[in-house]
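Derivation of every value follows stated rules applied to the coordinates shown; laboratory data play no part. A quick note: this is a predicted structure, and the numbers were derived from the prediction, not measured. Virtual Cβ from ideal backbone geometry, glycine too; neighbours counted across all protein chains shown.
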Ligand SMILES: [Cu+2]
């Protein structure tokens, strides 16, 4: 036994028992798939290992005291200061600190929808000599019967198609306008470019791919140039309208107390009297 | 003295071996677990490579059909029971006592017993390649798939002893896992150093606690099911004998009642590794520790109640399927919380892209991908479409290889300096990372496509005109990259053990207790019993002007 | 900012560590609960599924049908097992007091009662195999019955083996007051084996009988 100036350290002594016991148990099971003498040998090993193990722990565990020869290097305080995560406004740039009012999106959508309709109807009139063609084709997305119409039928006025197309245009433009209003402040760098070119491009691509599934009969009637033109017109008008609206604060960087509207000494950071 | 590990009467190498064989030291047992696991990883990887060679092109005959069955059975069984389990148990064994500031496990001899049961159990399973023919002259290694579905495993269909070896080998190593699981829980709940309340433990220890409890409750049902199968095969019982009123579906229920928690037993250690590594290499404290603990415990509970999602395609009632679809999707919530917290830990940090961090980031991306295909598979109609196809193979390899194995390499690069006292080479490590990243995605990405195109699992070859050729060829080419990556790893370990840079006590400037002792730690771990006041005791010591206990 | 003096540090928290022996045994029992739980679930699932006899109605009488209830032997033995749980508590108390002789007495009583139970099970099996021709492979009922009851008997045997060793140590004068803690752990295991038997008994001899086709 060595003496040392540290607290007395006791460790469990190494022991062959567990290994022998485990080996014996494995052999015992292996006996099932080999032959019974294997199992007998296994049981003997397991017992021998078990007895050895027991005698190590009972009545009192056998322990050894190691010679303490190596020591870890003491941990010294670091000279450098701890940097703190700074939380200035740009830190959360992905969450808009200021947004356009939602009403700008709604009105933008309505105005964009009018311009879009104007472009589509102009296209319809130039290509087919009738503004009803575009309206009927649009209504066809919701009215399967339109898909079976002849070209002459598509050129003629149809009251129910007019109602359907009008409602669709109104609802879609309202919601997409609202969507524009919400996402415009999130778009990087040139929101108008996103709104005029990229979003319509994605949307038209989606339509191009999906139209054969949504309404194969109508796919043949759609004039893609004017369709895309109408979408771009909508995007341009709506995004410009939204971007021109004055931005409002989102309270994202306000403190909890400020959001609660508490007015008490020391709460408002700007007011520094006292 | 009988208690001394050194036997002067033996020659030096033998004396060394004797020291390791009789050891009850948690660190040596941990190393033995991990080394054994890595050796089985090479074997299991070789089996996988043989399969990919066979499937590289239609109509090859590199291996015989019956050998192919053995290969996928042994590959799956090996990777789950002889690679994942020992590496997780080994790393918990090595690190948990160090992290909670104690000298050894609660039951050191039981710990050795658990390791040797695992070791001999694995050896028994592989002995089947030589011994399974028995008197019948039939069979070799097990060939019934890693989940050994009844009634294929009944004596009528599986002659010889191969299935018995599967039962016995896994049962023996399963007993070892239960023993070590009990030991880990007891160690964590009974041996923490002064000041370490449960909520002051490193997250690694929390996750290992939940993992060990899952082992304690999930392995016994498997053992019971295997006992019944063994009785069917050797005593003529009828548990899974459909002709005598037995039920094949019952085996599936029993197996997956173990099998799904097992999946979480395997992936939780990955969470544990990256939860230690990401903060250290982001130079930030782990984001949302209490939430991470809660998510871990929640995952533990929910994982016991989702097993039927492995059986969607067998014709259970829609009510049952819907219920388990919902519970399976529910498990995505705590897992998602963890993903967000790891990313939030990195956010705004001073990220150091050393090899452990690279592998951790690889883990994040690939585990996310595997997790999302998991949510797809949880949807019953989608599961019906791709069940038993290569889509499923792609999914769980993204979880277990892209997730678990990547995190294991992260852990090896992170803790190797502590274990060996020497750094692994960063340059070789980066080579390994990029090669493995390319190889892994090349192999398992295309499997999603071949699966969607209808290629079933476990077929040993296929016809030319199915449109599967290119995807299988890509998968097989990926194996070459992976093999090269593993070669880099082996070379790195050998080279670094001999002449790696000395690591010092704390090479990564880390914060948990294992870095406060020498590398490698002495048998007694700590000269004096550690005292902790926060989750990052070394941070407190290094920054006394801004210690963590002020904020916790 | 300068380093804080040591006395400004908060006091060390209480760890709340648990006693490891007790927790270890409780965890062992937990894993056993899941093992037996699986066997019991399978037994219940298979009640009435067997094709061909003998059925539980052939080999057992109706539950509580009076003193002629055929598994009276089992019932009687169950009493022995349940009572042995009491004796082991008395033995533990005696050892806590340091009364080793009294400990030896109650310990022997526990062992004896456990052995009678085991002998009763053996007798029951003998009758079932020889007279009723029921074994593992006879039908599904046989498979379930012998597996469930057999694993319980195996746990009784393991307990009895350890008890025998402890009894030998007692005779050799090696059991002392300080071992009372370990004896308590052993008694927990024994109570668990007891509790399992109550469930097994109910499932096999009562529910299994009613449920049998
Ligand atoms: Cu699962």
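For region B:29-530, the calculated P(r), taken from all Cα-Cα distances in 10 Å bins from zero up to the bin holding the longest distance, is 4, 19, 30, 28, 14, 4, 0, 0 percent.
The calculated FRET efficiency for residue B:17 paired with residue A:224, based on their beta-carbon distance and R0 = 56 Å, is about 0.10. Under the classification rounded if a/c is under 1.5, otherwise prolate if a/b is larger than b/c and oblate if not, where does chain C fall, given a ≥ b ≥ c as square roots of the Cα gyration tensor eigenvalues? Verdict is oblate for chain C. With a 10 Å cut-off around each Cβ of B:213-222, the average count of Cβ atoms from other chains is 4. Stretching the chain fully between residue B:372 and residue B:294 yields a gain of 25.9 nm (0.36 nm per residue, less the alpha carbon separation).
Please determine, in degrees from 0 to 90 and to the nearest 10, the orientation of helix B:26-55 with respect to the longest principal axis defined by the Cα atoms of chain B, where the helix direction is its Cα long axis. Between the helix axis and the principal axis of chain B, the angle is about 40 degrees. As a proxy for reagent exposure, A:239, B:519 were ordered by neighbouring Cβ count within 10 angstrom, fewest first; the result is B:519, A:239.
Compactness of region B:166-232, taken as the C-alpha radius of gyration over 2.2 N^0.38 Å, stands at 1.40. Calculated [222 nm] ellipticity per residue, helices only, for the protein assembly as shown: -21000 deg cm²/dmol; basis is -39500 (n - 2.57) per DSSP H run with n ≥ 4, divided by all residues, nearest 500. Helix C:180-201 axis versus longest C-alpha principal axis of chain C: approximately 30°, rounded to the nearest ten. Computed extension gain for residue A:78 through residue A:179, at 0.36 nm per residue and net of the alpha carbon distance, reaches 31.2 nm. A viscosity of 1.306 mPa s and a temperature of 10 °C, combined with the Kirkwood radius over Cα pairs in Stokes-Einstein, give a translational diffusion coefficient for region B:40-189 of 95 µm²/s.
For the protein assembly as shown, the normalised intensity computed at q = 0.04, 0.06, 0.07 Å⁻¹ comes to -0.28, -0.60, -0.78 (log10 of I(q)/I(0), Debye sum over alpha carbons, equal scatterers, no solvent). For the residues of B:528-534, the average number of beta carbons from a partner chain within 10 Å of their own beta carbon is 2. For a paramagnetic label modelled on residue B:384 (point 7 Å from Cα along Cα→Cβ), amide N atoms under 18 Å away belong, within region B:300-337, to B:308-326. If you sort the three axes of the alpha carbon gyration tensor as a ≥ b ≥ c, you get a/c of 1.5 or more for region A:98-249 and a/b above b/c, which makes it prolate. For chain C, modelled as a GNM whose springs connect Cα atoms under 10 angstrom apart, the maximal fluctuation among C:77, C:17, C:139 occurs at C:17.
Axis angle, to the nearest 10 degrees, between helix B:248-282 and the longest C-alpha principal axis of chain B: 30 degrees. Using only Cα atoms, locate the centre of region B:46-109 and the centre of region A:49-71, then give the distance between them in Å, rounded to an integer. That distance is 33 Å. The modelled label-to-label distance between residue B:427 and residue B:330, using points 7 Å beyond Cα along the C-beta direction, is 5.4 nm. Among C:152, C:191, C:49, the residue with the largest mean-square fluctuation in a Gaussian network model of chain C, with springs joining Cα atoms closer than 10 Å, is C:49.
Within the listed set C:11, C:56, C:19, the Gaussian network model of chain C (springs between alpha-carbon atoms below 10 Å) gives the highest mean-square fluctuation for C:11.
Between region B:355-409 and region B:289-334, the C-alpha centres lie 16 angstrom from each other. Counting only the backbone N, which residues of region B:176-196 are under 19 Å from the spot 7 Å out from the Cα of residue B:529 toward its beta-carbon? Output list for this probe position: B:186-196. The listed peptides B:21-31, B:340-350, ordered by packing as a protection proxy, come out as B:21-31, B:340-350 (highest mean of other Cβ atoms within 10 Å first). Distance between the 7 Å Cα→Cβ label points at residue B:234 and residue B:347: 5.7 nm. Cα gyration tensor of region B:408-552, axes a ≥ b ≥ c as square roots of the eigenvalues: rounded (a/c below 1.5), prolate (a/b > b/c) or oblate? Prolate, because a/c is 1.5 or more and a/b exceeds b/c. Using a simple spin-label model with pseudo-atoms 7 Å out from Cα toward Cβ, residue B:304 and residue B:473 lie 5.1 nm apart.
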